[in-house]
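Asker: Have a look at this one before I ask anything.
The values are calculated or read from the model by the stated rules, or taken from the named source; none is laboratory data. The structure presented is a predicted model; accordingly, all values stated were derived computationally and were not measured. Note: ideal-geometry Cβ built from the backbone for every residue, glycine included; neighbour counts use all protein chains shown.
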Amino acid sequence: MSEWLEVNDLKTYYPVKKGLFGRTSETIKAVDGVSFAVRKGETFGLVGESGCGKSTTGRSILRLAEPTGGTVLFEGQDIMKLGKEELRRQRRHMQMVFQDPLSSLNPRHTVGKLLEEPLIVHGLGNSSERKRSVREMLEIVGLPAGFASRYPHQFSGGQRQRIGIARALIVRPKLIVADEPVSALDVSIQSQVINLMQDLQRDFGLTYLFISHDLGVVRHISDRVGVMYLGRLVEVADKQDLFSRPLHPYTQALLSAIPNANPDAKRERIVLGGDLPSAAQAPSGCAFHTRCPYAMELCSKVMPRMVERERGHVVACHLDQTGNEAIRC
Amino acid sequence: MLAYTLRRVAMLVPVLLGMSIIVFMIIHAIPGDPAVIILGQKATPEAIAELHASLGLNDPWYVQYFSYLKNIAGGDLGTSIQTKTAISKEIGPYLAATFELTVFSMLFAIFIGVNAGILSAWRRNSWFDYTAMLIALIGVSMPVFWLGLMEQWLFAQHLNWLPSIGRVNARDPVESISGFYVLDTILARRFDQLEDVFKHLVLPGIAMGTVPMAIIARITRAGMSEAMASEYIRTARSKGVHEFMVVYKHALKNAFIPILTVIGLQTGMLLGGAVLTETIFGWPGIGRYLYSAISARDYPVIQSGILVIAVIFVCINLVVDLLYAYFDPRIKHR
């Protein structure tokens, strides 16, 4: 099964209410027509600047943020059509790991209780079986089983994220949406957690949707990568393709910003002018045209569609469709 | 938890000592000679001098303070000038009456206030939210005595649903065992009388509980709005936890600290005796006891009454502090 998780034209809009009577004056298009597919067992990386809608995309897929439109097919089942109860049961198979492990763990509950709750909610095992699987899970993520009686604030950042991962994993989900799971951690701890996540993926046959703004981390863990800009996907490709031959000018700019460990390597750094435009008033045509070094007249008028330029390499850009400008690499 | 409890209890000692000094000083600052008050205006100077000596009023103030402290520690709160009985004996039923009314008022205030606050936060900016918060605003600003009078006019006089005065039907008094009529009637298996006791509790209970209810509703809404927006709520939902449990188990427990603070303070204030409410509803509580003592210049009663109320207030705060640690495990590790 190749198209295991299929996201089609996903839209999540937020109304902005202003004035005395709460009229909806404008709409923030946090996610505006995102489509991609994730294969079973792979890691799909989603990158972009802060505020580009990558986190909202992740949440909308799990319906933790209610999408405005689009479909999400998970093993052939449309998540958007599920009723409240069905969705609640479905959550067992789709779990999320959050960015800030401290604020995402209820400070009033012990780790044991935090880990046990999903099992209770989904009616898995009796009390002693649940306790055993909590201990097992803690050991799987590399923590002593005795930690079950402690509270989240008594742990370090890295340990907390291990707990966050254990919490997501304990119901044995198929899909894990990891929303910036390591950005709150020290670099040395980041690699430990990333390695743990890779081990777990192998051992449990997990599929990851890995959201991050850190290209280095995404490059390390992902099989395929999607680049988002202002609520839309601009480029999707296999990791090797994307990092060696980025086609979209935005991706090129992002990649040129990765710090290089070799000080002698001479590289041209593409510095984008201006700021990320407001998602409430997205530019017409291609949203990136206000900052794109190659912008043409066409770009401000017509929104480019996602086109498969090479095998498995999809990009939304007018550039070589009109043949106006050679693409630099 | 034990260490935390002991630490908190140990901290009570200086608080209670300081309080006894303040009460002692207030009484000494009040003009008027206690001997004259006890013996009356027409007493002879010899009699006054004799009483001064026997009461120890000629001793230096610190000697007086320590003998006062010794008396309190021994459970002796002095003797009422009006009734000539030991205050420690006669204060009990008044305290019990106030306590019963307070418990009833606070249960009403907490149940309605917390739930209204939760619903308001859960459905923020809905018509329910607006209505509940408007009622809460009115509830905070309405004078309690006026609300009490209106209740009596509507429910007692006009509709004749509920009694307006007293703790129980005067023709059928409760045989007091503990002083708590709800408990006493249950112990005596007089369930018809229990119903009567409850009916008497309704109007003063609601009058006294309205302000705490409104404050609790507003605090709950604020705390719950914040808690509902936090990450661990999203985590709970992502686990597939039922929405009811998300709200009442995950969010409420986190939002409960400020609510608890308000509940503690309000309970303390009600226990201190709501003089106006107790007067309007003819409730024989501590507020009225003190009120009559003040009108009769019964200094020993005033002094001991204030001390007892202050001790109760401190004890409630201790309970609140201990509950903090239960609701927020981070507190006891600090």
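Asker: Inside the stretch A:78-87, can you point out the residues that are at the interface with chain B (Cβ under 10 Å from one of its Cβ atoms) and within 30 Å of A:Gln198 (Cβ to Cβ)? Before you say what the answer is, go through the steps one by one.
Answerer: Start the filter on the stretch A:78-87 by keeping residues that are at the interface with chain B (Cβ under 10 Å from one of its Cβ atoms), which leaves A:84-85, A:87.
Hit for the stretch A:78-87 is A:Leu87, nothing else.
Asker: Counting only residues that are more than 10 Å from chain A (Cβ to nearest Cβ) and not aromatic (Phe, Trp, Tyr), how many does the stretch B:228-245 have? Lay out the reasoning, then the answer.
Answerer: Taking the stretch B:228-245 as the starting set, the residues that turn out to be more than 10 Å from chain A (Cβ to nearest Cβ) are B:228-229, B:244.
Still in the list and also not aromatic (Phe, Trp, Tyr): B:228-229.
Qualifying residue count, the stretch B:228-245: 2.
Asker: Taking the criterion of being surrounded by fewer than 16 Cβ atoms within 10 Å (Cβ to Cβ) and either part of a helix (DSSP H, G or I) or of a type outside the set (Ser, Thr, Tyr) (or both), would at least one residue in the stretch B:201-221 satisfy it?
Answerer: Among the residues of the stretch B:201-221, not one is surrounded by fewer than 16 Cβ atoms within 10 Å (Cβ to Cβ) and either part of a helix (DSSP H, G or I) or of a type outside the set (Ser, Thr, Tyr) (or both), which makes the answer no.
Asker: A further question follows. Return only the number of the condition from (1) in contact (Cβ under 8 Å) with a residue 24 or more places away in the chain; (2) surrounded by fewer than 19 Cβ atoms within 10 Å (Cβ to Cβ); (3) facing chain B (nearest Cβ under 10 Å) that A:Leu105 does not satisfy.
Answerer: Result: A:Leu105 passes all but (2).
Yes/no matrix, rows are residues, columns are (1) under 27 Å from A:Asp214 (Cβ atoms); (2) in contact (Cβ under 8 Å) with a residue 40 or more places away in the chain:
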| position | (1), (2) |
| --- | --- |
| A:Gly125 | no, no |
| A:Arg132 | no, no |
| A:Glu139 | no, no |
| A:Leu143 | yes, no |
| A:Leu169 | yes, yes |
| A:Pro173 | yes, yes |
| A:Val177 | yes, yes |
| A:Gln190 | yes, no |
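Asker: Let me ask something additional. When you go through B:Arg297, B:Arg330 one by one, which is the residue that is within 28 Å of B:Asp76 (Cα to Cα) and either surrounded by fewer than 18 Cβ atoms within 10 Å (Cβ to Cβ) or away from chain A (no Cβ under 14 Å) (or both)? Write out each step before concluding.
Answerer: Details: B:Arg330 fails: within 28 Å of B:Asp76 (Cα to Cα).
The unique qualifying residue is B:Arg297.
Asker: Conditions: (1) free of Cβ contacts under 8 Å to residues at least 40 places away in the same chain; (2) more than 13 Å from chain B (Cβ to nearest Cβ); (3) surrounded by fewer than 24 Cβ atoms within 10 Å (Cβ to Cβ). A:Val182 meets all but one. Number of the miss?
Answerer: So the condition that A:Val182 fails would be (3).
Asker: While we're on this one: Output the residues belonging to the stretch A:200-247 that are part of a helix (DSSP H, G or I) and in contact with a His (Cβ under 6 Å, 6 or more places away or on another chain).
Answerer: A:Asp241, the sole residue that qualifies.
Asker: In the stretch B:246-257, how many are surrounded by 20 or more Cβ atoms within 10 Å (Cβ to Cβ) and more than 8 Å from every other protein chain (Cβ to nearest Cβ)?
Answerer: The initial filter retains those residues of the stretch B:246-257 that are surrounded by 20 or more Cβ atoms within 10 Å (Cβ to Cβ), namely B:246-247, B:250-252, B:254-256.
If we keep only those that are more than 8 Å from every other protein chain (Cβ to nearest Cβ) as well, we get B:246-247, B:251-252, B:255-256.
Final tally of qualifying residues: 6.
Asker: Which residues, taken from the stretch B:293-309, are assigned to a helix (DSSP H, G or I) and either touching a residue at least 24 places away in the same chain (Cβ under 8 Å) or outside the structural domain of B:Phe111 (by TED's automatic domain parsing) (or both)?
Answerer: So in the stretch B:293-309, the residues assigned to a helix (DSSP H, G or I) come out as B:293-295, B:299-309.
Correct list: B:Ala293, B:Tyr299, B:Pro300, B:Val301, B:Ile302, B:Gln303, B:Ser304, B:Gly305, B:Ile306, B:Leu307, B:Val308, B:Ile309.
Asker: Residues of the stretch A:49-87 being part of a helix (DSSP H, G or I), in contact (Cβ under 8 Å) with a residue 24 or more places away in the chain and more than 19 Å from A:Val225 (Cα to Cα), which ones?
Answerer: Scanning the stretch A:49-87 gives a single hit, A:Leu87.
Asker: Just wondering, is there one or more residues in the stretch B:37-45 that are surrounded by 12 or more Cβ atoms within 10 Å (Cβ to Cβ), without any contact (Cβ under 8 Å) to a residue 24 or more places away in the chain and outside the structural domain of B:Leu318 (by TED's automatic domain parsing)?
Answerer: yes
Asker: Which members of the stretch A:108-119 meet the condition of being more than 9 Å from chain B (Cβ to nearest Cβ) and either closer than 18 Å to A:Phe204 by Cα or of a type in the set (Asp, Glu) (or both)?
Answerer: Hits for the stretch A:108-119 are A:Leu115, A:Glu116, A:Leu119.
Matching residues to (1) in contact with a Gly (Cβ under 9 Å, 6 or more places away or on another chain); (2) away from chain B (no Cβ under 11 Å); (3) of a type in the set (Asp, Glu); (4) surrounded by fewer than 24 Cβ atoms within 10 Å (Cβ to Cβ):
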{"residue": "A:Gly48", "(1), (2), (3), (4)": "yes, yes, no, no"}
{"residue": "A:Gly51", "(1), (2), (3), (4)": "no, yes, no, yes"}
{"residue": "A:Gly58", "(1), (2), (3), (4)": "no, no, no, yes"}
{"residue": "A:Leu73", "(1), (2), (3), (4)": "no, yes, no, yes"}
{"residue": "A:Gly76", "(1), (2), (3), (4)": "no, yes, no, yes"}
{"residue": "A:Met94", "(1), (2), (3), (4)": "no, no, no, no"}
{"residue": "A:Val97", "(1), (2), (3), (4)": "yes, no, no, no"}
{"residue": "A:Pro101", "(1), (2), (3), (4)": "yes, no, no, no"}
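Asker: Right, here's the next one. So which residues in the stretch A:197-243 are surrounded by 19 or more Cβ atoms within 10 Å (Cβ to Cβ) and charged (D, E, K, R), if there are any at all?
Answerer: A:Arg224, A:Arg232, A:Glu235, A:Asp241
Asker: Moving on. Tell me the helices (runs of 4 or more DSSP H) entirely within the stretch B:1-64 that contain at least 3 residues that are farther than 17 Å from B:Tyr299 by Cβ. Break it down stepwise before answering.
Answerer: Details: elements: B:2-10, B:12-29, B:34-39, B:45-55.
So the answer is B:2-10, B:12-29, B:45-55.
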